[in-house]
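First up is the structure itself, then whatever we jot down about it.
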Amino acid sequence: RATPKWVDSDEEFLIKEVYSLARLRTKLTGIPWEVDHIVPLKGKLVCGLHVFKNLQVIPKIENRKKSNTV
């Protein structure tokens, strides 16, 4: 899995908050939002981690345009 063993409870909390933010934005705007990995978990040159600093909340349509097809 892409979550490193050194992720502590504070980091886990922040990760959960990012997903909560995506749900809240969807509810408030009526536009679907998703959590995106800035550096893809399975990239061609590098692989990102499932950590707070590698997450962002973006509209679903924008996330699908990125379409990581490795």
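The values are calculated or read from the model by the stated rules, or taken from the named source; none is laboratory data. Since we're looking at a predicted model, the values are computed, not measured. Using ideal geometry, Cβ is built from the backbone for each residue, glycine included, and neighbour counts are taken over all protein chains shown. These area figures cover heavy atoms from the full protein model, side chains too; ligands, DNA and RNA do not enter into them. Shrake-Rupley method; radii C 1.70, N 1.55, O 1.52, S 1.80 Å.
General observations
- Selection from the range 23-50 of residues that are over 9 Å from the mean Cα position of the chain (by Cα) and modelled with pLDDT of 95 or more: 23, 24, 25, 26, 27, 28, 29, 30, 31, 32, 33
- Residue 58 assigned to a strand (DSSP E or B) and surrounded by 15 or more Cβ atoms within 10 Å (Cβ to Cβ): yes
- Look at (1) of a type in the set (Lys, Arg); (2) over 10 Å from the mean Cα position of the chain (by Cα); (3) at pLDDT 90 or above and you find that residue 53 fails only one, number (2).
- Among residues of the range 11-40 that are part of a helix (DSSP H, G or I), none has a beta-carbon under 6 Å from a residue that is hydroxyl-bearing (Ser, Thr, Tyr) and open to solvent by less than 80 Å² (accessible area, probe 1.4 Å) at least six positions away or on a different chain.
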